[in-house]
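A.B. asks: Pasting a structure here, questions to come.
Rule-based calculations on the coordinates, nothing more; no lab input. Only a predicted model underlies this, so the values are computations on that prediction, with no experimental measurement involved. Every residue, glycine as well, gets a Cβ built from its backbone with ideal geometry; the counts of neighbours run over all protein chains shown.
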């Protein structure tokens, strides 16, 4: 047994001990907590093989298993409704107008409005009776163009699979933009995305255009695309919540005041016009924010906003800086590759290393 497997076995044993004892099992004692989970991609097995950022994806079967787990132990509702129930139960415990919660609340969120969410996640959500919150980057849907990190991932993955001098120029072109990589002849996809997040939007666009010219196209498979406005309307009309994920998915703290106006304020009006329903929630792109961004989100009339800070939320907690727990295949499975209730319950509990409860 190698060291990695041994560590996984130990984590399984500890997770099961905590779950069996009730320490990590969600119950009435944790109704003061609001748990928000994050999904990005829901991909069929044959699609997952082609997708260059598999850590962002779960399969349809894995999504179904997770939703069934959530429903067993939580009341699962969209974000806006969860805020009303959570704040009502915590702040108005003696009120006779709000029924006390019997289970802790959980919100299922999907970022980026990707078409696989509509094709694969929507039917499963409907079958399991779960209403989710979908955060939409307006420009990407309007122009039907994948967000830059997906486009870059496909190009880098395609370049690293080839060995011609012409293709190696693409990698070196990228590496010259980052001193810390040095003269390496190879580039990991996730490293590329991490580096490019430090670039300006103009730098990223220039690199994407150069790489596309050298590779002769986007390298994006035919199945991968954004949702359409019609599909988002279908989601909204069936009870799912639509929230804003900004206009262009930028690093918001780098935006000037005029850009923030468009990225935050204008998106709400555009979404409400397109989907014909109120938009009450916001998701910070890449999880980046500063006080100026928070103030802009609040001033725009959004009732709540989510970050990518890992953790659960306990009252009192700023509603415009809510924490979330990302859901991944690798962190949902035991050492045998099977989905594990004990692993998930531990990951969503206060016992998980590094988790933040949101308490001030």
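A.B. asks: Rounded to the nearest 0.05, what FRET efficiency is calculated for residue 291 and residue 3 with R0 set to 30 Å and r the Cβ-Cβ distance?
C.D. replies: E(calc), rounded to 0.05, equals 0.10.
A.B. asks: A further question on this structure: Note the angle between two axes, namely the Cα long axis of helix 60-73 and the longest principal axis of the Cα atoms of the chain, as a number of degrees from 0 to 90, rounded to the nearest 10.
C.D. replies: 20
A.B. asks: Further question on the same structure: Order by neighbour count: 264, 36, 193, fewest other Cβ atoms within 10 Å first, most last. Write down the numbers at each step before the final one.
C.D. replies: Details: 264 25, 36 22, 193 17.
The most exposed by this proxy come first: 193, 36, 264.
A.B. asks: Contour minus end-to-end for residue 273 and residue 238, with contour as 0.36 nm per residue of separation and end-to-end as the Cα-Cα distance?
C.D. replies: Extra length from residue 273 to residue 238 when fully extended: 10.9 nm.
A.B. asks: Let me ask something else. Run the numbers for residue 336 and residue 162: contour at 0.36 nm per residue of separation, minus the present Cα-Cα distance, in nm.
C.D. replies: Between residue 336 and residue 162, full extension yields 59.3 nm more.
A.B. asks: Taking the number of other C-beta atoms within 10 Å as the exposure measure, put 208, 322 in order starting with the fewest.
C.D. replies: Starting with the residue having the fewest Cβ neighbours, the order is 208, 322.
A.B. asks: Quote to one decimal, in nm, the extra length available between residue 350 and residue 143 on full extension: 0.36 nm per residue of separation minus the C-alpha distance between them.
C.D. replies: 70.4 nm
A.B. asks: If we count other beta carbons within 10 Å of each Cβ, what is the order of 315, 150, fewest first?
C.D. replies: 315, 150
A.B. asks: Highest GNM mean-square fluctuation, the chain, Cα pairs closer than 10 Å: which of 216, 337, 269?
C.D. replies: Taking springs between Cα atoms under 10 Å, the residue moving most is 216.
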